[in-house]
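The values are calculated or read from the model by the stated rules, or taken from the named source; none is laboratory data. Every value quoted in this text rests on a predicted model; they were computed, and no experiment measured them. Cβ placement follows ideal geometry from the backbone for every residue including glycine, while neighbour counts extend to all protein chains displayed.
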Amino acid sequence: MNYIIAHDVGTQSNKAVLIGTDGKVYDSFEKSYGIDFPKPGWVEQDPKDYWEAICVTTRKVVSELNKEDQILAMVFSTQAMGIIPVDKEGALLYKNISWVDARANSQSNKIMNRFLGKSIFKKITGIKLSGKDVIPKLLWVKEQLPEVYKNTYKFLDVNGYLKYKCTNKMVAEWSGACSYGFDLNKKDWEKTFFKVAGIDVNKLPDLVKSTDLVGSLTKKAAQELGLTTGVKIFGGSDDTQSAAMGSGQIDHHQAHIYLGSSAWIGVSSQKNHKFKNGVASLQSADPSSSLLVGITESAGINVEWALNKFYKKEKEQGVDIYELMEKEVSEIPAGADDLIFTPWFQGERTPVTDITVRSTIFNLGLEHNRGHIMCAMLEGIGYNLKWTIDNIQKDFGIEINEITVIGGGSQNGAWMQSLSDILQIKLRITENPKMAGAIGSAMTAFVGLGLENDFGRIKEFNPVSKSYFPRKNHKDVYQKMFKNYKVIYYGLKKAYQNINFERFNKN
């Protein structure tokens, strides 16, 4: 049997997935790693931890293969927007500045001023820059860590760093380049933008497509991974794009939602759109397509936080806290008895771009218990997604009638039913929702190897197995709660800025 190893490198862990050339998942293994928060608004990770997780999980999924079995290729689906400076020999010069890091607000303002101010910049690009965007953070490195910037040969994202560890080649794949600055029409770096921002474009890697062969494993990498030097490494993609591919929703204007550490709504498109209300037009994992994406930055990571805080005793007793939480949430009425829990633990990108906003529990009373709090948290993520979906339909003229949901959150039945009720849209759950990213990533290797001529058969690899239909009797209560959800943001926006702006802008 021949296999592809697809790595799903997320914010909290890496999952290695062994996928046969028949498209079936045969094995998987996951290893977590840490996240550092050295200052308010700062989020970093050690790239060495990614590679260790890659090695451990790879060795595990191949440990029981037969001698005649063959690994044809390995490919990565990774968290986006990573900034990993390396020197010419590939030595790390700084930790990965994570996609949720918000340290570069002053640099974002400085760059927009070079384009004659925020309003002019927004007219040109469709959005305002924030301290979470990559180019402002590159400028932060240049200003605050001048020796690091000077000695940087290339800035790599997470996918690029892992491909380098495998092949000794420094490249960036198209979908990953989108989170830096990528011209979707020319399929090249947005060089003028980098130059105006003061970033040396020579520090950017050469570009490859998702299906391009980057190289084969070096002898050193093969030894560390427990593989042979014949294993091929392909371009792969960012996790948003690989998950979109793995959802099977790749035709024009088909939509999917991902519910993992973060959440997003993605809509496949044959057009390249301008940014609007934080929704970005990105390069798809399919080099011939694009993807409209609106990201909610905190979703499953919020749920994990709440479970650790509110279900600690049961967890220590060995109780299945996910099952218990779902049961308790299912007993709470729609709207959580007028309790609202906003999901902005790490600021937000869409439907509002705001690094100072934070989560708020609104209207808490003695009548509420932890089931209400968990229910309100899940509903709050739903309101955020609804706000983004409403914007997509309004801003881009796209009608969304059904959505395929993938990611671990899709396995919570109570959440899926409330989400369907909030959106008033039919939801479809795939057979392997937690493997969608890996399956989509593997598809780029299938095409790269010539095993598939195009991406069409991805729909067969992760078929829909369950559906949720919106209940009309919950429509009114959720419309009321959604309206007040938006009022909470606009009503507290100034307060968030007053309390957080200064501490988030300390270099």
Neighbours by Cβ (under 7 Å, 6+ apart or cross-chain): first from the range 152-166, within 12 Å of LEU138 (Cα to Cα); second part of a helix (DSSP H, G or I) and aromatic (Phe, Trp, Tyr): LEU156/TYR164
Within the range 364-373, can you find the residues that are crowded, with 16+ Cβ neighbours inside 10 Å and in contact with a Leu (Cβ under 8 Å, 6 or more places away or on another chain)? HIS368, HIS372, ILE373
Does the range 312-332 include one or more residues that are among the hydroxyl-bearing types (Ser, Thr, Tyr), in a loop (DSSP other than H, G, I, E, B) and in contact (Cβ under 8 Å) with a residue 12 or more places away in the chain? no
Qualifying positions in the range 49-97 - among the acidic types (Asp, Glu) and surrounded by 17 or more Cβ atoms within 10 Å (Cβ to Cβ): ASP49
Selection from the range 475-506 of residues that are exposed (fewer than 12 other Cβ atoms within 10 Å of the Cβ), at pLDDT below 95 and either within 27 Å of the chain's Cα centre (by Cα) or not in a helix (DSSP H, G or I) (or both): ARG503, LYS506
Which residue pairs have Cβ atoms closer than 8 Å, lie 6 or more positions apart in sequence or on different chains, and pair a first residue in the range 352-365 that is over 19 Å from LYS276 (Cα atoms) with a second residue that is assigned to a loop (DSSP other than H, G, I, E, B) and modelled with pLDDT under 95? SER359/SER298
Just to check your reading of the model, which residue among GLY266, GLY215 is in a strand (DSSP E or B), surrounded by fewer than 24 Cβ atoms within 10 Å (Cβ to Cβ) and not basic (Lys, Arg)? GLY215
Taking the options CYS178, CYS166, name whichever one is at pLDDT below 95 and buried (at least 22 other Cβ atoms within 10 Å of the Cβ). CYS178
What residue, of SER359, SER330, is under 30 Å from SER106 (Cα atoms), surrounded by fewer than 24 Cβ atoms within 10 Å (Cβ to Cβ), in contact with a helix residue (DSSP H, G or I) (Cβ under 8 Å, 6 or more places away or on another chain) and among the polar types (S, T, N, Q)? SER359
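One line per residue, one yes/no per condition, for (1) basic (Lys, Arg); (2) in contact (Cβ under 8 Å) with a residue 40 or more places away in the chain; (3) within 22 Å of ASN384 (Cβ to Cβ); (4) in contact with a His (Cβ under 8 Å, 6 or more places away or on another chain):
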{"position": "VAL267", "(1), (2), (3), (4)": "no, yes, yes, yes"}
{"position": "ASN272", "(1), (2), (3), (4)": "no, yes, no, no"}
{"position": "GLY278", "(1), (2), (3), (4)": "no, yes, yes, no"}
{"position": "SER284", "(1), (2), (3), (4)": "no, yes, no, no"}
{"position": "SER289", "(1), (2), (3), (4)": "no, no, no, no"}
Among residues of the range 414-464, those that are within 24 Å of LEU324 (Cβ to Cβ) and either surrounded by fewer than 18 Cβ atoms within 10 Å (Cβ to Cβ) or not polar (S, T, N, Q) (or both), counted: 10
Working only within the range 213-232, note down all residues that are touching a residue at least 60 places away in the same chain (Cβ under 8 Å) and either hydrophobic (A, V, I, L, M, F, W, C) or at positive phi (or both). LEU213, LEU217, LEU225, GLY226, LEU227, VAL231
Test: THR353 is surrounded by fewer than 19 Cβ atoms within 10 Å (Cβ to Cβ), at negative phi, under 17 Å from the mean Cα position of the chain (by Cα) and among the polar types (S, T, N, Q): yes
Go through the range 13-39 and report how many residues are in a loop (DSSP other than H, G, I, E, B) and closer than 20 Å to SER262 by Cβ. 4
Do you know which residues across the range 138-154 are assigned to a helix (DSSP H, G or I) and touching an Asp or Glu at 6+ places or on another chain (Cβ under 7 Å)? ASN151
The range 279-306, subset within 14 Å of the chain's Cα centre (by Cα), farther than 18 Å from LYS186 by Cβ and among the polar types (S, T, N, Q), residue surrounded by the fewest Cβ atoms within 10 Å (Cβ to Cβ): SER298
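Residue-wise test of (1) farther than 24 Å from GLU431 by Cα; (2) among the hydrophobic types (A, V, I, L, M, F, W, C); (3) in a helix (DSSP H, G or I).
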{"position": "ALA243", "(1), (2), (3)": "no, yes, yes"}
{"position": "HIS253", "(1), (2), (3)": "no, no, no"}
{"position": "LEU282", "(1), (2), (3)": "yes, yes, no"}
{"position": "ASP337", "(1), (2), (3)": "yes, no, yes"}
Pairs, first under 18 Å from PHE155 (Cα atoms) in the range 38-57, second part of a helix (DSSP H, G or I), C-beta under 6 Å, six or more apart: PRO47/TYR161; TRP51/LYS165
List the number of the failed condition for ILE389; all other conditions in (1) of a type in the set (Val, Ile, Thr); (2) buried (at least 24 other Cβ atoms within 10 Å of the Cβ); (3) part of a helix (DSSP H, G or I); (4) within 22 Å of the chain's Cα centre (by Cα) hold. (2)
Pairs with Cβ under 6 Å, 6+ apart, first in the range 381-408 and on the phi > 0 side of the Ramachandran plot and in contact (Cβ under 8 Å) with a residue 60 or more places away in the chain, second surrounded by 22 or more Cβ atoms within 10 Å (Cβ to Cβ) and outside any helix (DSSP H, G or I): GLY407/TYR258; GLY407/LEU259; GLY407/GLY260
Among all residue pairs at least 6 apart or on different chains, which show Cβ distances below 9 Å where the first residue, located in the range 181-198, is assigned to a helix (DSSP H, G or I) and the second is of a type in the set (Ser, Thr, Tyr) and surrounded by 15 or more Cβ atoms within 10 Å (Cβ to Cβ)? PHE193/THR125; PHE194/TYR180
